[in-house]
Ligand code: C5P
């Protein structure tokens, strides 16, 4: 089986308070999604990268993507939720005959531009022989508080065995598609939770906090620093 990457990039990024969807915000003079594509592109095992855009996306065509043309496949079939965008992308790629049911799919957020080649290789190496698949994640380091609606602490939660899910998340086409179809009515925020809802146990692959999701405006400066400092 082959390896493919899929980047759902059909979100509006409402928490960013910006006119431009966040995947296009500038990071070291490139749109954020450029960095995510770049890392996936340079991994030898990844055969193609599917980009799922919203049908009303007006930003993608403003940039020159020709340096990635040997692997990049743009699909304009984004949905109402992240899960819909991933599912639409998978279904479209399959219909076009681009992927096989046993192929591995690495779903990666456009908004995680600080992924490294080391983490990507580790994820693939540790999961290739796995029955289910899994995801990059980091153990929670802060103490966790559960609050009431007035921001008063109701309880301190144990952080033992609690991880923060990142991407890429790597599952086979067949299982991932089935999971996302089943999850349509559930309120999921990542691919792994759809797999979990089917009763499977995705594997957590120890990642790095640097692979964080750019969510708020001030995250941009931190992401720029991490990318500039990178030695690999
Ligand atoms: O909003 P959030 O940061 O959780 O989005 C995660 C990723 O999912 C982003 O890359 C975003 O573009 C994508 N997304 C999507 N389609 C949606 C909503 C989000 O492709 N309807």
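The values are calculated or read from the model by the stated rules, or taken from the named source; none is laboratory data. These numbers come from a predicted model, not from an experiment. Glycine also receives a Cβ, built like all others from the backbone with ideal geometry; neighbour counts cover every protein chain displayed.
Does any residue in the stretch 76-100 that is away from the ligand (no atom under 13 Å from the Cβ) come within less than 8 Å, Cβ to Cβ, of a residue that is at pLDDT 95 or above and part of a helix (DSSP H, G or I) six or more places away or on a different chain, and which pairs are these? Within 8 Å, the pairs are 91/177; 94/173; 94/177; 99/90; 99/93; 99/173; 100/173.
Just so you know, in the stretch 20-38 the residues that are buried (at least 20 other Cβ atoms within 10 Å of the Cβ) and closer than 25 Å to residue 97 by Cα include one that is farthest from the chain's Cα centre (by Cα), and it is 37.
Kindly indicate the residue of the stretch 191-216 that is touching a helix residue (DSSP H, G or I) at 6+ places or on another chain (Cβ under 8 Å) and part of a helix (DSSP H, G or I) and also surrounded by the most Cβ atoms within 10 Å (Cβ to Cβ) among those meeting that condition. Going through the qualifying residues, I end up with 191.
In the set (1) outside any helix (DSSP H, G or I); (2) buried (at least 21 other Cβ atoms within 10 Å of the Cβ); (3) touching a helix residue (DSSP H, G or I) at 6+ places or on another chain (Cβ under 6 Å), residue 188 fails one condition alone, (2). On inspection, residue 56 passes the criterion of being at pLDDT below 95 and either surrounded by 13 or more Cβ atoms within 10 Å (Cβ to Cβ) or within 16 Å of the ligand (Cβ to nearest atom) (or both). Looking across the stretch 172-185, the residues that are in a helix (DSSP H, G or I) and touching a residue at least 12 places away in the same chain (Cβ under 8 Å) come down to 173, 174, 175, 176, 177, 178, 179, 180, 181, 182, 183, 184.
State all residues of the stretch 191-232 that are within 20 Å of residue 33 (Cβ to Cβ) and free of Cβ contacts under 8 Å to residues at least 60 places away in the same chain; if no residue qualifies, say none. Hits for the stretch 191-232 are 218, 219, 221, 222, 225. Taken together, 3, 68 contain a single residue that is more than 14 Å from the ligand (Cβ to nearest atom), more than 24 Å from residue 194 (Cβ to Cβ) and surrounded by fewer than 22 Cβ atoms within 10 Å (Cβ to Cβ), which is 68.
For the stretch 44-53, does any single residue satisfy the condition of being out of contact with any helix residue (DSSP H, G or I) (no Cβ under 8 Å at 6 or more places or on another chain), more than 12 Å from the ligand (Cβ to nearest atom) and more than 20 Å from residue 169 (Cβ to Cβ)? Yes, the stretch 44-53 has at least one match.
Of all residues in the stretch 120-133, those being surrounded by fewer than 21 Cβ atoms within 10 Å (Cβ to Cβ) and touching a helix residue (DSSP H, G or I) at 6+ places or on another chain (Cβ under 9 Å) number 1.
Considering the conditions (1) more than 10 Å from the ligand (Cβ to nearest atom); (2) in contact (Cβ under 8 Å) with a residue 60 or more places away in the chain; (3) outside any loop (DSSP other than H, G, I, E, B), residue 18 is excluded by exactly one of them, (3).
Of the set (1) within 10 Å of the ligand (Cβ to nearest atom); (2) out of contact with any helix residue (DSSP H, G or I) (no Cβ under 6 Å at 6 or more places or on another chain), all apply to residue 63 but (1).
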